[in-house]
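A short worksheet on the structure shown next.
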Amino acid sequence: MKTVILTGFTPFDGESINPSYEAIQMIESDDYELIKLRIPTTFEHSIEIIADSIKKHQPDLILMIGQAGGRQGISLERFAVNLDDSEIFDNAGIMKHESKIVSDGPIAYQTNLNLKSILKDLMQQGIPSKISNTAGTYVCNHIMYGIYHMIEKEKLHTKALFVHVPYAHEQVKNKPDTFSMSIEEIANAIHIIMDSILS
Ligand code: PCA
């Protein structure tokens, strides 16, 4: 049976939930062994927690999920850049300005997964989705870069993808004209992505 690590984040920036973690909690599978991790939204320790789990479980796939409030659907992230540069504090009270994630690392990593084929599978199920060329420069990009760097350096066969998800319905009650999806829809999208990559 294939092993999949699913990661979601703790709530940040004043939110009381993070749809990334709420969604992965709903996912069950008879086809894969699932390991679910709740990652602190902090620059410090976030990469290490995931790296330790990859070492321990040697998964076939790691799917990292994060909230991108304001985006209008599911985003499949193509690039991770070697840059932390945030406009908000992380959950440990840290704000980073133009600092490298890995001092001697390459400027960026690009996923080698076939994003267009994953996108097709999502669209066929009627899920609003797109390929994104930036995961930002906050904690999501930070872990994406850190894990891609680990996979490259240690020549692992683990497949890895970062997926940004929009706000959940309950988060937009006081945010007029803001796109949202239900946690169930987000969980369903993550399941489709998992099947698309591993089938
Ligand atoms: N989204 C943030 C970090 C945690 C999360 O869920 C981001 O896009 O960087």
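What the table shows:
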read-out: Value at 222 nm in deg cm²/dmol, rounded to 500, when DSSP H runs of n ≥ 4 in the chain each add -39,500 (n - 2.57); value: -10000 deg cm²/dmol
read-out: Those trypsin sites (Lys or Arg not before Pro) in segment 91-199 that DSSP places in a loop and that have at most 11 other beta carbons within 10 Å; value: Lys155, Lys173
read-out: Candidates Pro59, Pro40, Pro176, ranked by Gaussian network fluctuation over the chain, Cα under 10 Å, top entry; value: Pro176
read-out: Summed side-chain charge close to His164 - residues other than His164 whose Cβ falls under 13 Å, Lys, Arg +1, Asp, Glu -1; value: +2
read-out: Choice from Ala23, Ala92, Ala80 with maximal GNM fluctuation in the chain (Cα, 10 Å cutoff); value: Ala92
read-out: Segment 46-132: antiparallel DSSP beta bridges as a percent of all, rounded to 5; value: 50 percent
read-out: Highest-fluctuation residue, Met95, Met181, Met64 considered, GNM on the chain with Cα pairs under 10 Å; value: Met95
read-out: Segment 96-199 - accessible surface per residue (Å², probe 1.4 Å); value: 52 Å²
read-out: Accessible carbon and sulfur surface of the chain relative to its total accessible area, %, 1.4 Å; value: 47 percent
read-out: Computed lengthening from Glu184 to His57, 0.36 nm per intervening residue step minus Cα-Cα distance; value: 43.0 nm
read-out: Overall form of segment 1-134 per C-alpha gyration tensor (a/c, 1.5; a/b vs b/c); value: rounded
read-out: DSSP loop chymotrypsin sites (Phe, Trp or Tyr not before Pro) with at most 16 other Cβ within 10 Å: longest gap in the chain; value: 90-178
read-out: Zone residues, segment 174-199, relative to Asn114, backbone N less than 15 Å from point 7 Å out along Cα-to-Cβ; value: 193-199
read-out: Cα gyration tensor, segment 60-199 - rounded (a/c under 1.5), prolate or oblate; value: oblate
read-out: The chain - share of DSSP beta bridges that are antiparallel (%, nearest 5); value: 20 percent
read-out: Segment Lys175-Glu33, length gained on full extension (0.36 nm per residue, minus Cα span); value: 47.4 nm
read-out: Relative contact order (%) - segment 10-167, alpha-carbon pairs under 8 angstrom, separation at least six; value: 36 percent
read-out: Added length on full extension, which subtracts the Cα-Cα distance from 0.36 nm per residue, Asp13 to Ile88; value: 26.3 nm
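The values are calculated or read from the model by the stated rules, or taken from the named source; none is laboratory data. Because the structure is a prediction, the values reported are computed rather than measured. Please note: Cβ atoms are built from the backbone with ideal geometry, for glycine as well, and neighbour counts cover all protein chains shown. Protein only, heavy atoms only, side chains kept; ligands, DNA and RNA dropped before computing areas. Shrake-Rupley method; radii C 1.70, N 1.55, O 1.52, S 1.80 Å.
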